[in-house]
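Okay, so here's the structure we're looking at.
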Amino acid sequence: MEQSQRRKGIRDLPANERPRERLAQRGENALSSPELLAILLRVGMEGMSAVDLGEELLFQFEGLRGLHAASFEELCAVKGMGPAKTAQLKAAIELGYRMQLEAEVDKPRFTEPNDVNEHMHHLLAEKTQEELWVLALNTRNQLIRKQQLYKGTINHSSARMAEIMEIPIRARAAAIILVHNHPSGDPKPSVEDIRFTEELVRAGQLMDIGVLDHIIIGKKGFNSIRKLGQVSFKSSPGKHWN
């Protein structure tokens, strides 16, 4: 096949456009899925670059999940593959899967108010200033983001719902738990704590984000506003929340 008719391979590209070089210069996030696959496959076949082969694999198996589900034999049967390339591809996908499992194991899971108290008590119980924290959770009630929103005297009227809800939205969370401390040591919720929680539950309902609880921590213990029954959380049912 003449050079003018042959599809260009990776070696025909300028050095700064090749996947491996681009990864080194710009990071892996700058590469497309076919380009990342090309780095694993290293070479394509006659008339088809490694990037083209990566595109073909994604098309045939309908994405990365399909590649993960495909058998060793099915991948080997693709023209341009073979046992060596298939083994490299399967190993890389399995490593990514195991990394995800490790991340899931490392995430604290909250199933009752005391789980939150145990997680946050050491951080808040002895503080001499009020702090307001938002815990963002996935659908399994696992913590995916923990963020302090206010420090100092917390004026409930100045704690904007939009600022609170922005945290789970950015984290793509399914639910939140609000946590704050009472430096006085008494974790009994104030009238303002109750009113603020009611507003938060309504905001969560509008944003389709569950509000599981509002935990108040003090030196004398903690309180769950949900457990106290002073606020209706019917609009935010707590999955796996006792």
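The values are calculated or read from the model by the stated rules, or taken from the named source; none is laboratory data. No experiment lies behind these values; they were computed from the predicted model shown. Virtual Cβ from ideal backbone geometry, glycine too; neighbours counted across all protein chains shown. For accessibility, only protein heavy atoms count, side chains too; no ligands or nucleic acids. Shrake-Rupley method; radii C 1.70, N 1.55, O 1.52, S 1.80 Å.
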**OP:** Considering every residue within the stretch 76-95, establish whether at least one is open to solvent by 80 Å² or more (accessible area, probe 1.4 Å), touching a strand residue (DSSP E or B) at 6+ places or on another chain (Cβ under 8 Å) and outside any helix (DSSP H, G or I).
**Re:** yes
Original post:
Of (1) surrounded by fewer than 19 Cβ atoms within 10 Å (Cβ to Cβ); (2) in contact (Cβ under 8 Å) with a residue 24 or more places away in the chain; (3) more than 14 Å from Ile217 (Cβ to Cβ), Ala175 satisfies all except one. Which?
Top reply: (1)
Subject >> Single condition Glu131 does not satisfy, out of (1) in contact with a Ser or Thr (Cβ under 8 Å, 6 or more places away or on another chain); (2) buried (at least 16 other Cβ atoms within 10 Å of the Cβ) >> reply: (1)
Original post:
Name the pairs whose Cβ atoms lie under 6 Å apart, with the first residue in the stretch 17-31 and over 14 Å from Ala50 (Cβ atoms), the second small (Gly, Ala, Ser), and 6 or more positions between them or separate chains?
Top reply: none
Original post:
Among the residues of the stretch 64-75 satisfying the criterion of being farther than 13 Å from Leu37 by Cβ and part of a helix (DSSP H, G or I), which is most open to solvent (accessible area, probe 1.4 Å)?
Top reply: Arg65
Original post:
Can we say Glu55 is at pLDDT 90 or above, farther than 30 Å from Arg140 by Cβ, among the acidic types (Asp, Glu) and surrounded by 16 or more Cβ atoms within 10 Å (Cβ to Cβ)?
Top reply: yes
Subject >> Given (1) open to solvent by less than 40 Å² (accessible area, probe 1.4 Å); (2) over 20 Å from His119 (Cβ atoms), index of the condition Glu163 fails >> reply: (1)
Original post:
Hey, among the residues in the stretch 18-55 that are in a helix (DSSP H, G or I) and out of contact with any helix residue (DSSP H, G or I) (no Cβ under 9 Å at 6 or more places or on another chain), which one's farthest from Ala92 (Cα to Cα)?
Top reply: Arg26
Original post:
Which residue pairs have Cβ atoms closer than 6 Å, lie 6 or more positions apart in sequence or on different chains, and pair a first residue in the stretch 49-73 that is small (Gly, Ala, Ser) with a second residue that is in a loop (DSSP other than H, G, I, E, B) and open to solvent by 30 Å² or more (accessible area, probe 1.4 Å)?
Top reply: Ala50/Val43; Ala70/Phe61
